1. Residue 52 is checked against (1) within 18 Å of residue 128 (Cβ to Cβ); (2) surrounded by 15 or more Cβ atoms within 10 Å (Cβ to Cβ) and fails just one. What number does that condition carry?
2. Say we look at segment 109-133 and pick out the residues that are charged (D, E, K, R) and surrounded by 14 or more Cβ atoms within 10 Å (Cβ to Cβ); which of these is nearest to residue 175 (Cα to Cα)?
3. Return yes or no: is residue 93 surrounded by 13 or more Cβ atoms within 10 Å (Cβ to Cβ), in a loop (DSSP other than H, G, I, E, B) and in contact with a Gly (Cβ under 8 Å, 6 or more places away or on another chain)?
4. Taking segment 56-69 as the search range and keeping residues that are part of a helix (DSSP H, G or I) and surrounded by fewer than 21 Cβ atoms within 10 Å (Cβ to Cβ), which one is farthest from the chain's Cα centre (by Cα)?
5. Tell me, please, whether a residue that is assigned to a loop (DSSP other than H, G, I, E, B), surrounded by 13 or more Cβ atoms within 10 Å (Cβ to Cβ) and in contact with a Lys or Arg (Cβ under 8 Å, 6 or more places away or on another chain) can be found in segment 148-158.
6. Is it the case, given these coordinates, that residue 72 is farther than 25 Å from residue 155 by Cβ and not assigned by TED's automatic domain parsing to the domain that holds residue 130?
Amino acid sequence: MASDFETLLSAMRKAAGALRDADIPFALGGSVAVYAHGGPDTDHDVDFLVTPEDADRALKALADCGFRVHKPAEGWLYKALDPKGALIDIIFEPTTGPVTPELLARAEMVEVYAIHVPVLSPTDVLSSKLLTLREHNLDLAPMLEIARSLRELIDWDELKRRTNGSPYAKPFFTLVEELGLAA
């Protein structure tokens, strides 16, 4: 897998162009969405969200433009690898539930590496990450990094409302309030 951030952004641009040209509604999510809003860069992967109805078409669009594609057993995402090793995840049914047209419609057009792409808000990215926390996965460090770098862009009331049912999200709010990050 590529660790070079420029390689990752180049693959993101190519994949976003393929999805756009195939008329597939999508949104950039995950750590690259955080970067697009002014957060830190990443060397992990690129997450694109599409509805379950569009997932197969999205995978075909990436295959048609030169990505090696794979449908892993997990059943909630597809994977595509560009020739330089950058990994693209096509996510359609994360733990928080199926990707909806409403979620995609909330995405804001942002210029990322010379292409305008719909990007999930920091509130949407954080709520998704907080709702995936479980007893054996309580690492709050990635969420705290987002909160530190993008605190002014987060709708803290909405984030609390969306994650209110998760006992694992509650410690995050205690931490951000004690650290003076939450508005």
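1. It fails just one condition, (2).
2. The qualifying residue nearest to residue 175 (Cα to Cα) is 129.
3. In short, yes.
4. Applying the first criterion (part of a helix (DSSP H, G or I)) to segment 56-69 yields 56-64.
Applying the additional criterion that residues be surrounded by fewer than 21 Cβ atoms within 10 Å (Cβ to Cβ) yields 56-57, 60, 63-64.
On the way: 56: 19, 57: 19, 60: 20, 63: 21, 64: 23 Å.
Across segment 56-69, the extreme among qualifying residues is 64.
5. no
6. yes
The values are calculated or read from the model by the stated rules, or taken from the named source; none is laboratory data. Quick caveat, the model's predicted, so the values are computed rather than measured. No Cβ is skipped: glycine too gets one built from the backbone with ideal geometry, and neighbour counts run over all protein chains shown.
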